[in-house]
Amino acid sequence: KQQYLKGVKTAVSSSAQRFSGYLQHDAHEFLSQCLDQLKEDIKKVRSAEAKKSGDDKEVWTCSDDCGLPCPVSQNFQFEVIHTIRCTNCEDVVIKKEKFHDLSLTLPRKRKDMNPRSLQDLLDHFFLAEDIEYACGQCKSKKSRVSHQFTKLPRVLILHLKRYNYNHVMSVNRKMEQPVFLPLYLTLQSHCTEDT
């Protein structure tokens, strides 16, 4: 087992020098690098296979609809739809985005330091929020954005952002508040009807 883990670390270090050596690094960054690198390697294999077979189409992406399945997209990839609604004229812009993890923010205020559950943090991530976004119709810069899953992964990777940068002291501080892990997470209210 140890030999295989060293092989993974060596492979990741070959394309991301910051992971070479024996210094401690962020586990989330390492996992993201592993998944991104695996997707790129699958693309290269697909491209080589396309050239062999004479298929010059540029459709060799990391999706499951061609010969070599991508374990990253099959297991971890999900899609979120962002609905941006102008608060002035109600014009709607829809954007879709693919992810393989969600970074959840812990509350920063002292009064919010009571224990939270992972479900609370997930629910907070999907709350609608006011943003500054230039409307294409009326040019207003006030909009409201909401987020929903359009495709769920087999395995949902959740990353807790436990560090908060203090601008006054110029240091990162770890947020020590406990987060409870429920036996089940409920995603239904965060999904579109077709999900």
(request) Just give me a number: lysine pairs in the range 80-181, eight or more positions apart or cross-chain, with C-alpha atoms less than 20 Å apart. (result) 12
(request) Assign one of three labels to the range 80-181, namely rounded, prolate or oblate, based on the Cα gyration tensor with a ≥ b ≥ c the square roots of its eigenvalues; rounded applies when a/c is under 1.5, prolate when it is not and a/b is larger than b/c, and oblate otherwise. (result) oblate
(request) Estimate the FRET efficiency between Asn88 and Lys1 by the formula 1/(1 + (r/R0)^6), using the beta-carbon distance for r and 45 Å for R0, to the nearest 0.05. (result) 0.15
(message) As an exercise, identify the chymotrypsin sites (Phe, Trp or Tyr not before Pro) in the range 100-195 lying in DSSP coil whose Cβ has no more than 11 other Cβ atoms within 10 Å.
(response) Tyr184
(request) Mind giving me the nanometre distance, one decimal, between the label points for Gln177 and Thr150, set 7 Å out from Cα along Cα→Cβ? (result) 3.3
(request) Give the longest segment of the chain that steers clear of GluC sites (Glu not before Pro) in DSSP loops with at most 15 neighbouring Cβ atoms within 10 Å, not counting the sites themselves. (result) 91-175
(message) Let's test the formula: R0 of 25 Å, r as the Cβ-Cβ distance of Lys161 and Glu97. What FRET efficiency results, to the nearest 0.05?
(response) 0.85
(request) Return the FRET efficiency for the residue pair Ala11, Lys43: r is the Cβ-Cβ distance, R0 is 22 Å, and the value is rounded to the nearest 0.05. (result) 0.90
(message) When a/c reaches 1.5 or more, the comparison of a/b and b/c decides; with that in mind, is the chain rounded, prolate or oblate per its Cα gyration tensor?
(response) oblate
(request) Exposed loop trypsin sites (Lys or Arg not before Pro) only (DSSP loop, at most 13 other Cβ atoms within 10 Å): please give the longest stretch of the chain free of them, not including the sites. (result) 2-56
(message) Taking θ = phi - 60°, what integer Hz values does the Karplus form 6.51 cos²θ - 1.76 cosθ + 1.60 yield along the range 31-38, in sequence order, with x for Gly and Pro?
(response) 4, 4, 4, 4, 5, 5, 5, 4
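Read-outs throughout are calculated quantities, based only on the coordinates presented, and are distinct from any laboratory measurement. The shown structure was predicted, so the numbers you read here are calculated from the model rather than taken from an experiment. Methodologically, a virtual Cβ is constructed for each residue, glycine included, from the backbone with ideal geometry; neighbour enumeration extends over all protein chains shown.
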